[in-house]
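Trainee: For reference, the structure I am asking about is given below.
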Amino acid sequence: MRPVIMSTDPGIDDAVAIALAVASPALDVKLLCPVAGNVDRAKTTANTLKLLAFLQATIPVVPGSARPLLRAPQAAADIHGESGLDGFAFPQPTQVADTTQTAVAAMHQVVSTSVAPVTLIAIGPLTDIALFAHLYPEDLPNVAELVIMGGALGRGNLGVLAEFNFACDPEAAAMVAALPVPLRIAPLEVGQQARLLPATLAQIKTLGPVGAMFDGLFSHYRGGSMQTGLKMYDALAVALVLAPELFTEVATHLDVALADPLTAGASLFDLKGYRQQADNVHVATAVDAAGFARWLVAVLGKLA
Ligand code: BDR
Ligand code: CA
């Protein structure tokens, strides 16, 4: 089993990503760190705890940052609902968040003591990953890889050019792009390519209580539609870890735009090598959408 830490802002697609990680026998989720993103930190923390109660999983939850490094928080309640997980009546949480330490201290504790290198999965703004790496650079050799949902090869979904997770905290994204760890990225476009189509949504609905739960969330999710397909962006990051054969990945140089408010958070994946900089990331440029849907249903089915 690969030890894993997830930095997340549930978020309906975050909930799918967490469920996939929990369901997968190949992953040992050591720590969940809710960060401010889709909704505020109090809500992303409450959502993480509610989801774990539903999944009957016990995983330490240590809240991360309540705001980006330098900028004001942004939210996406228009996509995920006011609570961040609208559409299902979750049970009361059975565990509480650990507020005796910071998320980055908890990350340090896990990474510095793990015998096996730890995989970091970041599916929200990158604030806590940047802080962890800044405060504990000595831990980075024990990071197997950092797998991110974020950025866009072309146009964005928050700004004209900026994807939500990068646009929320561009400085953190820029710091993370420069880290000396293997960095793999699922950008906006692979989420768009791998939309869950009606036939797959119908299959998910049959997966017992977990299927009913996701069907409720999906009917409130505004990341696409149940008719034309739902964009499960964050699930792609977990698939990159567990089913890399589904993706085409390209080594390239990534810079993150910071200075101009019109472009802050834009991800410049230099696929044509214009800048002649060393590769610092692997970015997924294509995904086998049908294979991804089959994989997702099979893994969620383990929870049924
Ligand atoms: C990202 O933004 C959030 O709304 C989703 O949870 C995902 O992490 C997609 O741009
Ligand atoms: Ca997210």
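Nothing in this text is a laboratory measurement; each read-out follows from the coordinates by a stated rule. The model shown is predicted, which means the values in this text are computed figures rather than measured ones. FYI the Cβ positions are ideal-geometry reconstructions off the backbone, even for glycines, and counts take in every protein chain you see.
Trainee: Can you work out the Karplus-derived ³J(HN,Hα) for every residue in region 185-200? Use 6.51 cos²θ - 1.76 cosθ + 1.60 with θ = phi - 60°, whole Hz, and x for glycine or proline.
Mentor: Per-residue couplings from phi come out as 10, 9, x, 3, 5, 6, x, 6, 5, 9, 3, 7, 8, x, 5, 6 Hz.
Trainee: Please give every one of the lysines within straight-line cross-link reach of LYS231, meaning a C-alpha to C-alpha distance under 24 Å, and leave out same-chain neighbours fewer than 8 residues apart.
Mentor: Reachable lysines: LYS43, LYS50, LYS205, LYS302.
Trainee: Hey, got the dipole for the chain? About the Cα centre, +1 on K and R Cβ, -1 on D and E Cβ, debye to the nearest 20?
Mentor: Numbers: 17 positive and 26 negative charges, 105 e Å.
In debye, rounded to 20, the chain gives about 500.
Trainee: Express in % the proportion of alpha carbon pairs of region 75-146 at distances exceeding 18 Å. Let's see the in-between values first.
Mentor: Working: 1407 of 2556 pairs.
For region 75-146, the share of Cα pairs beyond 18 Å comes to 55 percent.
Trainee: On alpha carbon coordinates alone, what is the Rg over Rh value for region 2-301, Rh being the Kirkwood radius?
Mentor: Value, to two decimals: 0.93.
Trainee: Give me the distance in nm between label points sitting 7 Å out from Cα along the Cα-to-Cβ direction at HIS134 and ASP270, one decimal.
Mentor: Once both label points are built, they end up 2.4 nm from each other.
Trainee: Here is a follow-up. Among PHE54, PHE166, which comes first, second and so on when ranked by fewest other beta-carbon atoms within 10 Å?
Mentor: With the sparsest Cβ surroundings first, the list reads PHE54, PHE166.
Trainee: What's the extension gain from THR113 to THR228 if we count 0.36 nm per residue and subtract their Cα-Cα distance?
Mentor: Extra length available between THR113 and THR228 comes to 36.9 nm.
Trainee: Would you please put 296-304, 101-109 in order of how densely packed they are, using the mean number of other Cβ atoms within 10 angstrom per residue and starting with the highest?
Mentor: 101-109, 296-304
Trainee: Once the dipole of the chain is set up with Lys and Arg at +1 and Asp and Glu at -1 on Cβ about the Cα centre, which of THR102, TRP295, HIS134 lies farthest towards its positive end?
Mentor: TRP295
Trainee: Next up: Consider all pairwise Cα distances in region 1-113 and report the whole-number % of them above 26 Å.
Mentor: Distances greater than 26 Å cover 14 percent of the Cα pairs.
Trainee: Quick query: amide H of VAL281 versus all other amide H atoms, modeled in the peptide plane; which residues come in under 5 Å with a sequence gap of 5 or more or a different chain?
Mentor: The list, which skips near neighbours in sequence, is THR252, LEU254.
Trainee: Taking other Cβ within 10 Å of each residue's Cβ, how do PHE247, PHE88 sort, fewest first?
Mentor: Listing PHE247, PHE88 from fewest to most nearby Cβ atoms yields PHE88, PHE247.
Trainee: Using the number of other C-beta atoms within 10 angstrom as an exposure proxy, rank LYS50, LYS205, LYS272 with the fewest first.
Mentor: Least crowded to most crowded, the residues run LYS272, LYS205, LYS50.
Trainee: Over the chain, what is the mean sequence separation of C-alpha contacts under 8 Å (at least six apart), divided by residue count, expressed as relative contact order in percent?
Mentor: 20
Trainee: Same structure again: Based on DSSP, what percent of beta bridges with both residues in the chain are antiparallel, to the nearest 5?
Mentor: Counting DSSP beta bridges with both partners in the chain, the antiparallel share is about 35 percent.
Trainee: Any idea what diffusion coefficient region 10-60 gets from Stokes-Einstein, in µm²/s, Kirkwood Rh on alpha carbon pairs, 10 °C, 1.306 mPa s?
Mentor: Details: Rh = 11.0 Å.
Answer, rounded: 144 µm²/s.
Trainee: Testing the spin-label approximation: label points 7 Å from Cα along Cα→Cβ at ASP28 and ALA298. State their distance in nm.
Mentor: 2.4
Trainee: Under 5 Å between amide H atoms, partner at least 5 residues away or on a different chain: which partners does GLY265 have, H built in plane at 1.01 Å?
Mentor: Excluding prolines and chain starts, which carry no amide H, the hits are ALA257, LEU258.
Trainee: Quick one: grab the alpha carbon gyration tensor of region 155-199, order the square roots of its eigenvalues as a ≥ b ≥ c, and give me rounded if a/c is under 1.5, else prolate or oblate depending on whether a/b is larger than b/c.
Mentor: Judged from the Cα gyration tensor, region 155-199 comes out oblate (a/c at least 1.5, b/c at or above a/b).
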